[in-house]
Amino acid sequence: MDKVLRKHISINERDYQIILDFALKNGFSFSEVLRKGALNFIHIEEEINLAKFLNENLECVSKEEQKDIDKLNIDFNDLSGEELNIDDFL
């Protein structure tokens with residue numbers, strides 16, 4: 001089991017109440033909402049950064065290349081492969 005850390009944060013009263021109300025309505029602790037929200041924010045930002053990197057550094061394939069790819073009959077919905085991140089390429 002991971003070690004649990006305690007951190008002190010500052011939050012204005014309005015934001016505190018919004019988070020607390022959501023937590024109580026959904027059966028979460030205040031800390032759980034903050035933890036899940038922070039992790040979700042990080043995930044979204046990393047996806048945006050990766051998409052930005054790809055858009056800035058990769059070109060679209062030509063129509064001929066796309067035809068060759070289509071002939072491979074790749075199931076792009078099959079997610080059983082290994083996930084890679086940008087560090088695997090750098």
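In the stretch 5-22, the residues that are surrounded by 10 or more Cβ atoms within 10 Å (Cβ to Cβ) form Cβ pairs under 8 Å with partners that are not in a helix (DSSP H, G or I), at six or more places apart or across chains, as follows: I19/I11; F22/F28. Scanning the stretch 69-85 for residues that are closer than 20 Å to A51 by Cα and of a type in the set (A, V, I, L, M) gives L79, L84.
Quick check on the stretch 23-69: of everything there that is outside any helix (DSSP H, G or I) and small (G, A, S), which residue is surrounded by the fewest Cβ atoms within 10 Å (Cβ to Cβ)? Selected residue: G27. Filtered by the rule that a residue be under 30 Å from D87 (Cα atoms) and at pLDDT 95 or above, the stretch 1-34 gives E32, V33, L34.
The values are calculated or read from the model by the stated rules, or taken from the named source; none is laboratory data. Not measured: the values here are computed from a predicted model. Glycine also receives a Cβ, built like all others from the backbone with ideal geometry; neighbour counts cover every protein chain displayed.
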